[in-house]
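Asker: Pasting a structure here, questions to come.
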Amino acid sequence: MIDSHVHLNRQEFADEAGAVVERARAAGVTGFLNVGYDLETSRASLALADRYDDVWATVGIHPHDALLLADEHGQLTADGRLRLAELEELCRHPKVLAVGEIGLDFFRDLSPRPAQHAALAAQLELAARLDLPVVFHVRDAWDPMLTFVDEVGLPPRRGVLHAFSGDAAAVDWALERGFRLGIGGVVTYRQSALPGMVARAGCDALLLETDAPWLPPVPHRGQRNEPAWLGRVLDTVAGILQMEPGAVERRTDATFAELFRPGKASTP
Ligand SMILES: [Zn+2]
């Protein structure tokens, strides 16, 4: 199984990334998509991907850091244009599989909303131009996010709604447009509405992820999450869908390969 969203370069893992990767491999994880969320972590993500054959990278600016690209009025800044050019440069590396994580976050509102919209639009344009899929982060902004993406135009390679927390309408939006849902530890939480959304979406629309070091599955709540615990997510999803875990694993692995095309790293 593949962890389609992890942050191995977070300080929570300190210098332990190698050991964390080893433990995950021993638990059956065969690939890691390590996600950047600003320039520094995007560079670090690519450095990790260069070090391990089974680690790939994404690069992008998170909505929390939208001011790196745009001002509070929603205009791209001069520095922002330079940073976009650097993102573009990083994207040309064969192990960079997607632009992300990008999106809208109205839960914490750490950056002004016009800046979030402008940063998202600029990075969607980048993904379209470079023929890359996107990794979306959406929190308390489902309606605005989905409306905005419809307005500015769907990224041609589509992408994943990571840490999916939307409602049935958001599931249907994703299904109709060919987006995938990233399902992680939250699906194991007793109070979660996510199992119902997983059932509605069906196996073909899903990707497995940990979002480690965050969102640990039961019974590890309160601990630092690890990709080695991805099997908890797999088993829970399989139970919801009344499928064999092995079948869910094969299907989600295939969906990962179709969406992110990791093989392009080895084609000249
Ligand atoms: Zn993330």
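None of the figures in this text is laboratory data; all of them are computed from the coordinates on show. Everything numeric in this text was worked out from a predicted model, so none of it was measured. Neighbour counts are summed over all protein chains in view; Cβ atoms, including those assigned to glycine, are modelled from backbone coordinates with ideal geometry.
Asker: Let me have the relative contact order for the stretch 1-156, percent, based on Cα pairs under 8 Å that are six or more residues apart.
Answerer: Relative contact order here is 20 percent.
Asker: If you don't mind, another one. Mind checking which of Pro133, Pro216, Pro144 has the largest fluctuation in a GNM of the chain, springs on alpha carbons under 10 Å?
Answerer: Of Pro133, Pro216, Pro144, the most mobile in the Gaussian network model is Pro144.
Asker: Ok, one more. Using a 10 angstrom Cβ neighbour count of at most 12 plus a DSSP loop assignment to flag exposed trypsin sites (Lys or Arg not before Pro), which longest range of the chain is free of such sites?
Answerer: It runs 1-91.
Asker: Out of the DSSP beta bridges found with both residues in the chain, what percent are antiparallel (nearest 5)?
Answerer: Roughly 5 percent of the beta bridges in the chain run antiparallel, per DSSP.
Asker: If the elastic network links every pair of Cα atoms under 10 Å, which of Ala119, Ala228, Ala257 fluctuates the most in the Gaussian network model of the chain?
Answerer: Checking each option, the largest mean-square fluctuation is seen for Ala257.
Asker: Suppose only helical runs count, i.e. DSSP H with n ≥ 4. What mean residue ellipticity at 222 nm does that imply for the chain under -39500 (n - 2.57) per run, divided by all residues and rounded to the nearest 500 deg cm²/dmol?
Answerer: The helix-only estimate for the chain comes to -13000 deg cm²/dmol at 222 nm.
Asker: Separate question: Label point 7 Å out from Arg81 along Cα-to-Cβ: which residues of the stretch 91-126 have amide N under 16 Å?
Answerer: Only 119, 122-123, 126 pass the distance filter.
Asker: Moving on. Tell me, what is the Rg over Rh of the chain, with Rh the Kirkwood radius over Cα pairs?
Answerer: On the way: Rg = 17.2 Å, Rh = 18.3 Å.
With Rg and the Kirkwood Rh in hand, the quotient comes to 0.94.
Asker: Of the residues Trp229, Trp173, Trp142, which exhibits the maximal mean-square fluctuation in a Gaussian network model of the chain defined by a 10 Å Cα contact cut-off?
Answerer: In this elastic network of the chain, the residue with the biggest mean-square fluctuation among Trp229, Trp173, Trp142 is Trp173.
Asker: To the nearest 0.05, how large is the calculated FRET efficiency for Leu175 and Gln223 if R₀ is 45 Å and r is the Cβ-Cβ distance?
Answerer: Values: r = 33 Å, r/R0 = 0.74.
Rounded to the nearest 0.05, the efficiency is 0.85.
Asker: Sticking with this one: With a/c under 1.5 counting as rounded, go ahead and sort the stretch 98-174 into rounded, prolate or oblate using the C-alpha gyration tensor (a ≥ b ≥ c being the square roots of the eigenvalues; past the cut-off, prolate if a/b is larger than b/c, else oblate). Each step should come with its number before you reach the end.
Answerer: Working: a/c = 1.66, a/b = 1.15, b/c = 1.44.
Oblate is the answer for the stretch 98-174, as a/c is 1.5 or above yet b/c matches or exceeds a/b.
Asker: Express the relative contact order of the stretch 2-263 as a whole percentage, based on alpha carbon pairs under 8 Å and six or more residues apart in sequence.
Answerer: For the stretch 2-263, the relative contact order is 19 percent.
Asker: Please give, to one decimal in nm, the separation of the simple spin-label points placed at Arg158 and Asp140, each 7 Å out from Cα toward the Cβ.
Answerer: Result for the modelled spin labels: 3.0 nm.
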